Amino acid sequence: MTYQNTMKQLSEITTKFTESVIREMTRISSARGGINLAQGFPDFDPPRIIREAAIDAIHQGWNQYAVTYGEADLREAIARKAFQYNQIECDPHTEVTVTCGATEAMIATLKALVNPGDEIIIFEPFYENYGPDAILSGAKPRYVTLKAPDWSYDSKELTAAFNRKTKAIIINTPNNPTGKVFSRKELEEISRLCIKWDAMAVTDEIYEHILYDQETHISMASLDDMAERTVTINSLSKTYSVTGWRVGWAIAGPDITSRIRKVHDFLTVGAPTPFQKAGVCALKMPEAYYASLQERYNTARNRICAVLKTVGFNVDVPKGAYYIMAHTGVLMDRYQDMGAKGLCLKLLDITGIATVPGTAFYHSPVMGHDQVRFCFAKNEQTIEAVCRRLERLIA
Ligand SMILES: Cc1ncc(COP(=O)(O)O)c(C=O)c1O
């Protein structure tokens with residue numbers, strides 16, 4: 001069925017953003033039988049004990065709607081872990097909202113905070129969803145660039161981005177797509193600006209356990225005077241390799257939490273009940289689990305970075321998360337006029353590996369055209385296959 005004059009009849013807001021490039025590349029990859037390094041999910045199973053906890057929950061009858069803002073035992077487990085790992089003190093009954101992934105936590109938070117005309121600061125390159133999130137919430141995004149090789153920002157540019165209309169700044173640390181881990185000094189500088197301009201910090205900490213080279217994760221809400229002006233977003237997805245379970249959360253002061261809960265309730269009612277129950281088990285994993293997760297990703301990171309360099313990419317080795325934002329040195333030289341997406345499709349043709357064009361992570365198409373994002377959350381066999389295929393570029 002086709003509609004006439006589609007753009008007049010249908011929602012205007014949806015004309016302001018495109019289909020997710022990440023999911024588009026995923027589709028193209030599966031149609032062509034490629035190895036999908038475009039979308040950020042692992043190709044290995046979560047720990048058995050967590051899988052069994054989900055199956056047990058189903059057998060024990062946890063199959064109906066959960067408490068809309070999250071089962072009490074999961075909120076308590078989230079608060080306990082936030083205290084131990086993030087030095088965030090929160091009341092599980094009034095300051096935690098369980099959502100359908102970090103994705104819903106972010107849009108529910110922005111919907112809870114933003115009024116028309118408010119501005120939101122976003123570091124770029126950014127996780128693809130933040131741009132549409134800002135549009136859907138009615139905020140005007142202002143972008144501050146993270147610059148290679150260490151993906152640092154220019155303090156003057158950041159300072160200039162704040163003004164009296166600034167409602168919030170979104171910080172993703174460890175960062176997708178760059179692998180940047182924000183330092184204490186940087187977070188303190190951002191916090192001073194938030195306090196000066198009475199702005200909120202919305203932090204996406206979904207990769208908090210995926211760190212390399214002795215990096216440490218610092219939560220904005222643990223900094224002086226920031227607990228009450230920070231919304232801390234997290235999820236089971238990446239830490240426990242369960243991206244399909246759709247369980248995330250937002251931690252915020254009681255006033256903001258009550259607004260996030262209202263938005264969440266009408267958006268989705270609640271996150272899947274059995275997976276919330278399994279989340280309680282996940283959040284109790286011992287220290288050794290997190291160490292082995294880091295070890296696995298560290299090995300994959302080192303292997304892929306080395307091969308990318310050998311075949312002619314310029315690589316800034318990531319400090320966290322599981323992506324490499326590589327500069328397309330060799331490909332650019334050969335296929336200059338193809339554009340960023342064309343380069344990724346060429347790479348898929350030659351190697352059978354799907355990636356994401358750098359442009360997907362910037363608000364302006366002139367940025368990121370010489371960058372390609374590789375996700376290395378893959379098992380050893382896949383990583384070896386990827387390395388062999390990449391070598392075709394110099395064959
Ligand atoms: C920075 C970031 N935030 C959020 C998400 C999505 O999280 P969830 O699966 O919990 O919705 C992703 C997924 O790739 C991500 O990279």
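Hey, could you get me the Stokes-Einstein D for region 142-198, Kirkwood radius over alpha-carbon pairs, 4 °C and 1.567 mPa s, rounded to whole µm² s⁻¹? Roughly 109 µm²/s, to the nearest whole number.
In the chain, one over the average inverse separation of all distinct C-alpha pairs is 21.7 Å, which is the Kirkwood hydrodynamic radius. Partner aspartates and glutamates whose Cα lies under 14 Å from the Cα of residue 341, excluding those fewer than 8 positions away in the same chain, are identified as 19, 24, 349, 370.
Each DSSP beta bridge with both residues in region 165-279 is either parallel or antiparallel, and the antiparallel ones are about 30%. Note down the relative contact order for the chain as a percent, whole number, built from C-alpha pairs under 8 angstrom at least six residues apart. Rounded, it is 23 percent for the chain. The magnitude of the dipole of region 62-282, with charges of +1 and -1 set on the Cβ of Lys/Arg and Asp/Glu and taken from the Cα centre, is near 420 debye.
Expressed in nm to one decimal, what extension gain is obtained for the pair residue 364 and residue 338 from 0.36 nm per residue of sequence separation less their Cα-Cα distance?
Working: separation 26, 0.36 × 26 = 9.36 nm, distance 1.72 nm.
Full extension of this stretch gives 7.6 nm more.
Helix-derived [θ] at 222 nm for the chain: sum -39500 (n - 2.57) over DSSP H runs of at least 4, divide by residue count, nearest 500? List each step's numbers first, then the result.
On the way: 14 runs with 162 residues, N = 395.
Only helices count here, giving -12500 deg cm²/dmol.
Stretching residue 16 away from residue 317 to a fully extended chain increases their span by 105.0 nm, per 0.36 nm per residue minus the current alpha-carbon distance.
Quote to one decimal, in nm, the extra length available between residue 145 and residue 159 on full extension: 0.36 nm per residue of separation minus the C-alpha distance between them. Intermediate results must be reported in sequence, preceding the final value.
Working: separation 14, 0.36 × 14 = 5.04 nm, distance 1.23 nm.
Stretched out fully, the residue 145 to residue 159 stretch lengthens by 3.8 nm.
Arranged from fewest to most other beta-carbon atoms within 10 Å of their beta carbon, 389, 301, 48 become 48, 389, 301. Residue order for 245, 151, 62, fewest other beta carbons within 10 angstrom first, comes to 62, 151, 245. In the elastic network of the chain, a GNM with C-alpha springs shorter than 10 Å, the most mobile of 295, 19, 71 is 19. Across every pair of non-identical alpha carbons in region 62-282, the mean reciprocal distance, once inverted, gives a Kirkwood radius of 17.3 Å.
Straight Cα distances below 17 angstrom link residue 196 to the aspartates and glutamates 118, 119, 157, 186, 188, 224, 225, 228, with same-chain residues fewer than 8 positions distant left out. Under a GNM of the chain (C-alpha, springs under 10 Å), which listed residue has the highest mean-square fluctuation: 40, 312, 368? Ranking 40, 312, 368 by mean-square fluctuation puts 312 first. Directionally averaged projected area (region 113-214, Cα convex hull): 6.3 nm².
For region 254-297, state the semi-axes of the equivalent ellipsoid (square roots of 5 times the eigenvalues of the alpha-carbon gyration tensor), sorted largest first and rounded to whole angstrom. Show your work: numbers first, answer last.
Working: eigenvalues 189, 36, 20 Å².
Taking √(5λ) for each eigenvalue gives 31, 14, 10 Å, largest first.
A short reminder: the numbers here are calculations on the coordinates, not readings from a lab. Everything numeric here is computed off the predicted structure, so don't read it as measured data. Methodologically, a virtual Cβ is constructed for each residue, glycine included, from the backbone with ideal geometry; neighbour enumeration extends over all protein chains shown.
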